[in-house]
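Read the figures in this text as sums done on the coordinates, not as results from a lab. Given the structure is predicted, the values throughout are model-derived calculations rather than measurements. Please note: Cβ atoms are built from the backbone with ideal geometry, for glycine as well, and neighbour counts cover all protein chains shown.
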Amino acid sequence: MSIKQFAILLVGLILSMGLVSYTPKSVGDRYNGYREFVQPQSHPPKKKRNWERIVSSNGIEVFTRDQLESPYKEIKATLELDCSLNTFIGVITDYPNYKNWIYATGASDLVEKVSDLEYTMYQLIKTPWPTDDRDVCMRVKISQDEATGKVTIINKSEPKLKPVNKGVVRVNRSDIKWEVLPTGKNKLKCNYFLNTEPGGSVPAWLINLFIAEGPYQSLYNLKAQQVKKAKYLGFKNPQINEKF
């Protein structure tokens with residue numbers, strides 16, 4: 001296995017908690033209530049810089065940039081989807097199906113459906129020997145702007161939601177945000193943001209080298225396969241209204 005393949009598998013962790021990133025400052029002030037999840041780092045803070053485009057293919061763009069509080073880069077991705085809001089929500093909230101399209105996901109499941117707009121979920125990320133697998137527990141909250149129809153999904157890690165299994169490293173901080181704006185019938189413009197600390201001893205520079213590949217592959221699977229599946233085309237969340 002090459003160094004690149006090894007790093008890419010590790011980075012699969014990053015999208016799965018892919019597909020909470022708190023909102024980057026250039027897109028809006030950091031999401032209220034999420035800064036407490038950023039733990040003090042031993043390294044000196046970096047100067048915030050502009051997004052750098054790393055991938056542009058098949059209508060998907062992936063950007064990275066340094067962040068102030070961590071040696072790991074932030075991720076931003078943009079894409080357009082040919083589906084309804086409810087189809088998108090159907091895919092994103094089908095947690096047992098994550099293993100079929102989110103990069104390096106070995107297992108995933110719904111822990112609890114709190115309401116139509118709030119869930120808790122669990123995800124196991126497979127990594128190659130000699131590193132331990134990672135897992136993450138998250139609380140997912142969905143909201144919609146009545147005027148524009150824009151749907152916002154916030155995933156916030158809750159590391160104590162389930163006991164930690166032996167031989168698995170629990171990810172203590174992973175923040176994801178989706179912004180999904182309907183622009184026409186079955187037309188969605190999507191922004192995706194991710195900020196995470198994968199844990200363990202893998203150096204940040206190695207993760208950062210290939211950090212965009214896992215997100216790109218997962219978003220491609222979402223765009224090319226998942227939103228086209230028949231079981232999601234008829235999905236309806238009673239709290240989500242279509243704009244068109």
How long is the gain from residue 236 to residue 49 if the chain were fully straight, where each residue apart is worth 0.36 nm and the alpha carbon distance is subtracted? 63.3 nm
Please find the FRET efficiency linking residue 115 to residue 204, where r is the Cβ-Cβ separation and R0 is fixed at 45 Å, and quote it to the nearest 0.05. 0.75
Leaving out same-chain residues fewer than 8 places away, which aspartates and glutamates sit with a Cα under 14 Å from that of residue 73? 52, 175, 197, 213
Show log10 I(q)/I(0) for the range 73-196 at q = 0.13, 0.14, 0.22 Å⁻¹, two decimals, from a solvent-free Debye sum over equal Cα scatterers. -0.56, -0.64, -1.41
So, by mean Cβ neighbours within 10 angstrom, what's the order for 76-84, 236-244 with the highest one leading? 76-84, 236-244
For residue 242, net neighbour charge (Lys/Arg +1, Asp/Glu -1) across residues whose Cβ lies under 10 Å away: +3
Quick query: amide H of residue 170 versus all other amide H atoms, modeled in the peptide plane; which residues come in under 5 Å with a sequence gap of 5 or more or a different chain? 135
Semi-axes of the range 91-154's equivalent ellipsoid from the Cα gyration tensor, sqrt of 5 times each eigenvalue, largest first, rounded to whole Å? 27, 12, 10
